[in-house]
Amino acid sequence: MARRVAITGIGVIAPGAIGVKNFWSLLSDGRTATRGITFFDPSPFRSQVAAEADFDPEAHGLSSQDIRRMDRAAQFAVVAAHEAITDSGIEWADLDPHRIGVSVGSAVGATMSLDQEYRVVSDEGRLWLVDHEYAPSHLYQHFVPSSFAAELAREFDTEGPAAVVSTGCTSGLDAVGHACDLIREGSTDMMIAGATDAPISPITVACFDAIKATTPRNDDPEHASRPFDATRNGFVLGEGSAIFVLEELESARRRGAHVYAEIAGFATRCNAFHMTGLRPDGREMAEAIRAAMNEARVDAGHIDYINAHGSGTKQNDRHETAAFKRSLGPRAYQVPVSSIKSMVGHSLGAIGSIEIAASVLAMANHTVPPTANLHHPDPQCDLDYVPRTAREWRTDAVLTVGSGFGGFQSAMVLTRPGKGAA
Amino acid sequence: MSESIAITGLGVAAPNGLGKRDFWKSTRDGRSGLGRITHFDAAQYPSKLAGEVPGFDARSYLPGRLMPQTDRMTRLALVAADWALADAGIGPAELGEFDVGVITASSSGGFEFGQRELQSLWSKGGRYVSAYQSFAWFYAVNSGQISIRHGLRGPSGVVVADQAGGLDAVAQARRQIRKGTPVVLSGGMDASICPWGWVAQLASRRLSTSEDPESAYLPFDARAAGHVPGEGGTIMVLEDAEAARLRGATGYAEIIGYAATFDPRRGSGRPPGLERTIRLALADADLDASAVDVVFADAAAMPELDRIEAEAIEAVFGPYGVAVTAPKTMTGRLNSGGGPLDLAAAALAVQDGIIPPTVGVEPIEDYHLDLVLAEPRSARVRVALVLARGHGGFNSALIVRAPR
Amino acid sequence: MTTADWDHRRVGCDALVAEQPVSRAGGTSTMKEIVMSKLEFTINDLRRILREGAGTDEEVDLDGDILDEDFPALGYDSLALLETSARIAREYRVELDDETVTSAQTPRELVGAVNAALATTPV
């Protein structure tokens, strides 16, 4: 009998919302967490807005050594994982550490720490031959972000396979997809899986400025993230983490766990087209969606909510609208589609996992989160994007998708326990 | 579909040889590529040696348009991918649109590119940051650029697990092939020998400070005091072995077993994960330890890590129970490229019946290792085990055997 | 690579570009540049900057008669033009708005747009 994968615990650090409860309240209220950047003086930059998390690591029990050693993204992941494990209700100490693995997605790793440490060792960019005397001893952990997986494995005492998955903005879906592979093939019985990113740093802001991918709507930060709206003009950078406890479904049921959802299908494809550009026809994302539905053994008629990538760039929102129509046919017009990036911004590699969390919570709460700031739909984006207000809606099968630099296109199908195809 | 996966094409860029042929000739002959750093002036740093890929002129292989948007590691990866596809005799055009994936390992991304842009940002301002920075440095860039260059639209991915990641990427490719994707390009390529990358690696406190290339990197030796970092790696073509045979390709070797673990945290009292990793990989391959003809060691050259590896090998294979080698003594440790380069060497060892040597080492007797020293050893190599460990506790093991 | 692909690519990348004017609270304060007198931007200047910032493909003769060639036909996508225009803006201390850059289809149009901007930029 094929092994299946259940989500039994959730932890979230998001802009405007620390913890799952606050996260869902933000989404279901349709509140936005985008604001003028406060982490540094953004005035030299084109885009000066971001979705920042008000995160106090000490309040979450991290020691001063943890805080010094770990990049902000690693701190997010550890705190989110604690929430997920508590939520799962499992007696962690009773588990066999050999059978638990870690899979964490991150697009840009320890960028914030690297940016800060570079300033110091280079004396504000003056030195090409940077000064090792000023490098902290944990710089290597920032250099190779597999340290994020190592931090989680050590914190939760696991000895199964551990890795970081770093496929740009689909990392958060792909890391969870990878975790499912490990449980299904029998390498592990349980995974701490999810994603984290903390990219709000000058180098990130500058690199997206250079290609005008982020919005310059600096005079109206609360309404700056406008997926599917005709006035959208780029994404809003975000940060955060969502971490899950994944378990083999039957053993989760045997222990009487609360199963939020089954991860029924996952697939990824590459567009082999351009590092940042998208072909308007959405072919490769559509293919990923078809493959994920195929694995989940559901067809278009079963999908009753789409959690969109919805980044708010001109090309993305048309690209994925085309992909939904191409893969789901007329069904694309019948199901609600929404983008939570309108509220929490685009946290690069983390957002895929944060969107899985939103999808699962939508299923649990019989409510679909809205697309905030959507007033004037782009005529080329003509689906039901749930504008501004959450909607009561029973969902048994959610499709969530991601699209990112490098051409990666990923899709995941989540089903209500007992409602998926056998 | 068969259970095994064939390695049918190799693209190699190593410090002791650019291209599969040069690499393998140097490696068989025990010729090292370690030397004083030439990419920058290392005089002020405590470590001054590296393994640099010799004679790589990217412009002679790649379009000029790619130069401003690629780090050295991506140029090496693109050229290695070209070579791997040519070596496999496979043209993506002959395959279905979604039939070829790209799954690579990364460790630090395009770090030299990143250093230049960080310098522009902090010394001149944000307007000086390149339009290519958003992707040229990031971990996913090699998979993305390879897929674009060859129009590969199948399942793709990027794994980061420090030096263990290269084997993990190959294992991920194997999963995708088993799920039905006919061909996957996989492996890893790193090239962070720039001042900023060097300072970051120095922080690991695992770099040798010796200035003598002959004795700087001596795993399993009483003089072991850290490693020499290198650049390069291998991109390889992996196919379902049965499908490869049907198109008339035998391949170098078949991947038949894999496992990965993570070390227990300090103070747990539980043993390190490497021995268990080897046993799990053997179980995955359905093999007895006695079937293994050679072990390509991780060879950390840190005394405690060497001891752990020697004990794991002895525990599984018995004292002097299997030939062990570390050709990375000739290339340095290549991070995400290291596992795939060892896998290439293992595949070539299987093909040629030659175990390449470990150079410069006088092994500690207590380790009870049958280390292949100084001279290559002619041997019937049916099955090879490749080990790789990543900073922080990552352990991976991969087993190949001669094609049937 | 067909021309049709390039056209798609161009459409794709153009769509990334903001369509509204930038509201910027300040400029980079650490820039140290030589203030240039008013000068003319020529096709040769563009050739040089394209080579430096975006590279050239072997099959393209950038020194040939390129004034009225489409940028995609010369091997330059929208990212290449963003990089090129950023370099022009820095070197010539000229503000090029987003529209100017992305609406230029050919070297002639871009050279013209840069000169028009130079003419209105106070020295």
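Under 12 Å Cα-Cα from B:LYS328, which aspartates and glutamates qualify once same-chain neighbours fewer than 8 residues away are excluded?
Once the sequence-local aspartates and glutamates are set aside, what remains near B:LYS328 is B:GLU231, B:ASP298, B:ASP342.
Averaging the inverse of every distinct alpha carbon separation and then flipping it gives the Kirkwood radius. What is it for region B:257-401, in angstrom units?
Working: mean 1/r = 0.0666 Å⁻¹.
Kirkwood hydrodynamic radius for region B:257-401: 15.0 Å.
Can you give the charge dipole size of the protein assembly as shown about its Cα centre, rounded to the nearest 20 debye, using +1 on the beta carbon of Lys and Arg and -1 on the beta carbon of Asp and Glu?
The calculation lands at about 860 debye.
Go ahead and set up a Gaussian network model of chain A, Cα springs under 10 Å, then flag whichever of A:CYS381, A:CYS207, A:CYS169 fluctuates most.
Ranking A:CYS381, A:CYS207, A:CYS169 by mean-square fluctuation puts A:CYS207 first.
Per residue of region A:377-392, in order, report the coupling 6.51 cos²θ - 1.76 cosθ + 1.60 (Karplus, θ = phi - 60°) as ³J(HN,Hα) in whole Hz, putting x for Gly and Pro.
Residue by residue, region A:377-392 yields x, 4, x, 7, 10, 10, 9, 8, 8, 6, x, 6, 10, 4, 10, 5 Hz.
Classify chain B: rounded, prolate or oblate, from the alpha-carbon gyration tensor (a ≥ b ≥ c, eigenvalue square roots; a/c under 1.5 rounded; otherwise prolate if a/b is larger than b/c)?
On the way: a/c = 1.60, a/b = 1.09, b/c = 1.47.
Here chain B falls in the oblate category.
Using the charge dipole of the protein assembly as shown (Lys, Arg: +1 at Cβ; Asp, Glu: -1 at Cβ; taken about the Cα centre), state which of B:THR27, B:GLY165, A:ALA162 has its Cα farthest towards the positive end.
Of the listed residues, the answer is A:ALA162.
With springs only between Cα atoms under 10 Å, which of B:SER156, B:SER147, B:SER123 fluctuates most in a Gaussian network model of chain B?
Highest fluctuation among the options: B:SER123.
Rounded to the nearest 20 Debye, what is the dipole magnitude of chain A about its Cα centre when Lys and Arg each give +1 and Asp and Glu each give -1 at the C-beta? Mind dumping the intermediate values first?
Details: 37 positive and 52 negative charges, 290 e Å.
Roughly 1400 debye, rounded to the nearest 20.
What are the residues whose amide H is under 5 Å from the amide H of B:ILE5, where those residues sit 5 or more places off or on another chain and H is modelled from the backbone?
It is B:ALA241, B:ILE255, by chain and number.
Ranked by Cβ crowding within 10 angstrom, fewest neighbours first, how are C:TYR76, B:TYR217, B:TYR128 ordered?
Numbers: C:TYR76 25, B:TYR217 34, B:TYR128 21.
In increasing order of surrounding Cβ atoms, one gets B:TYR128, C:TYR76, B:TYR217.
Given +1 on the Cβ of Lys and Arg, -1 on the Cβ of Asp and Glu, and no further charges, what dipole in debye does region B:257-401 carry about its Cα centre, rounded to the nearest 20? Intermediate results must be reported in sequence, preceding the final value.
Numbers: 13 positive and 19 negative charges, 92 e Å.
Magnitude of the dipole: close to 440 debye.
What GluC sites (Glu not before Pro) in region C:36-123 are in a loop by DSSP, with at most 12 other Cβ atoms within 10 Å of the Cβ? It would help to have the intermediate numbers written out before the result.
Working: sites: C:GLU40, C:GLU52, C:GLU58, C:GLU59, C:GLU69, C:GLU83, C:GLU91, C:GLU95, C:GLU99, C:GLU109; in loops: C:GLU40, C:GLU58, C:GLU59, C:GLU69, C:GLU95.
Sites meeting the loop and neighbour criteria: C:GLU40, C:GLU58, C:GLU59, C:GLU95.
Given the options A:ALA357, A:ALA390, A:ALA198, state which has the largest fluctuation in a GNM of chain A using a 10 Å cut-off (strictly under) for Cα springs.
A:ALA390
So how compact is region B:1-110: Cα radius of gyration and Dmax in angstrom?
Here Rg and the maximum Cα pair distance are 16.8, 56 Å.
Over all residues in B:261-269, what is the mean tally of Cβ atoms on other chains that come within 10 Å of each residue's Cβ?
Working: counts 10, 17, 5, 7, 9, 1, 0, 4, 0.
Per-residue shielding by partner chains comes out at 6.
Residues of B:386-392, mean number of Cβ from any other protein chain within 10 Å of their own Cβ, rounded to a whole number? Before the final figure, lay out the partial values.
Values: counts 0, 0, 0, 0, 7, 7, 12.
The per-residue average across the peptide is 4.
Just to confirm the filter: which chymotrypsin sites (Phe, Trp or Tyr not before Pro) across region A:114-149 are DSSP coil and have at most 16 other Cβ within 10 angstrom of their Cβ? Could you put the intermediate results ahead of the total?
On the way: sites: A:TYR118, A:TRP128, A:TYR134, A:TYR140, A:PHE143, A:PHE148; in loops: A:TRP128.
Of the chymotrypsin sites (Phe, Trp or Tyr not before Pro), the ones in loops of region A:114-149 whose Cβ has at most 16 other Cβ atoms within 10 Å are A:TRP128.
Tell me the chymotrypsin sites (Phe, Trp or Tyr not before Pro) within region A:25-89 that lie in a loop according to DSSP and have at most 14 other beta-carbon atoms within 10 Å.
Working: sites: A:PHE39, A:PHE40, A:PHE45, A:PHE55, A:PHE76; in loops: A:PHE39, A:PHE40, A:PHE45, A:PHE55.
Of the chymotrypsin sites (Phe, Trp or Tyr not before Pro), the ones in loops of region A:25-89 whose Cβ has at most 14 other Cβ atoms within 10 Å are A:PHE40.
For region A:15-49 and region B:116-186, what is the centre-to-centre distance using only Cα atoms, to the nearest Å?
Value for the Cα centre distance between the two parts: 29 Å.
Ranked by Cβ crowding within 10 angstrom, fewest neighbours first, how are A:LEU237, A:LEU374, C:LEU62 ordered?
Numbers: A:LEU237 28, A:LEU374 24, C:LEU62 18.
In order of increasing Cβ crowding within 10 Å: C:LEU62, A:LEU374, A:LEU237.
Please average, across the residues of B:201-209, the number of beta carbons from any other chain that are within 10 Å of each residue's own beta carbon, and give a whole number.
Details: counts 5, 4, 11, 7, 2, 1, 0, 0, 0.
Neighbouring Cβ atoms belonging to other protein chains average 3 per residue here.
Picking from A:ALA267, A:ALA242, A:ALA230, whose Cα lies most toward the positive end of the charge dipole for region A:202-268 (charges on Cβ: Lys, Arg +1; Asp, Glu -1)?
Positive-most Cα among the choices belongs to A:ALA267.
So what are the three principal axis dimensions of region B:5-246 from its Cα atoms, in whole Å, longest to shortest?
55, 51, 31
Any chance you could check the Cα centroid distance between region B:251-296 and region A:235-256 for me, in angstrom?
If you average the Cα positions of each part, the centres end up 28 Å apart.
Go through region C:100-108 residue by residue and turn each phi into a ³J(HN,Hα) via Karplus (6.51, -1.76, 1.60, θ = phi - 60°); whole Hz please, and just put x for glycine and proline.
Using θ = phi - 60°, the values come out as 4, 5, 7, 8, 6, 8, 9, x, 4 Hz.
Which of A:ALA350, A:GLN409, A:SER43 sits farthest toward the positive end of the charge dipole of chain A, with +1 on the Cβ of Lys and Arg and -1 on the Cβ of Asp and Glu?
A:GLN409
Please compute one quarter of the surface area of the Cα convex hull for region A:180-278 and express it in square nanometres.
Across all orientations, region A:180-278 yields a mean hull projection of 9.8 nm².
Between A:PHE408 and residues 5 or more places away or on another chain, which pairs have amide H atoms under 5 Å apart, with H built 1.01 Å from N, and which residues are they?
Distant-sequence amide H within range of A:PHE408: A:ASN271.
Too long at a 31 Å Cα-Cα cut-off: which of A:LYS212/B:LYS20; A:LYS212/A:LYS325; B:LYS25/B:LYS48? It would help to have the intermediate numbers written out before the result.
On the way: A:LYS212/B:LYS20 42 Å; A:LYS212/A:LYS325 28 Å; B:LYS25/B:LYS48 26 Å.
Exceeds cut-off: A:LYS212/B:LYS20.
Ranked from highest to lowest mean number of other Cβ atoms within 10 Å per residue, what is the order of the peptides B:49-59, A:218-228? Could you put the intermediate results ahead of the total?
Values: B:49-59: 19.0, A:218-228: 22.6.
The most tightly packed comes first, giving A:218-228, B:49-59.
Fewest first, what order do B:GLU3, A:GLU250 take by the number of other Cβ atoms within 10 Å?
Numbers: B:GLU3 14, A:GLU250 11.
Ascending Cβ contact count within 10 Å gives the list A:GLU250, B:GLU3.
A short reminder: the numbers here are calculations on the coordinates, not readings from a lab. This one's a predicted model, so the numbers in the text were calculated from it and none came from an experiment. Cβ: placed from backbone, ideal geometry, glycine included. Neighbour counts: every protein chain shown.
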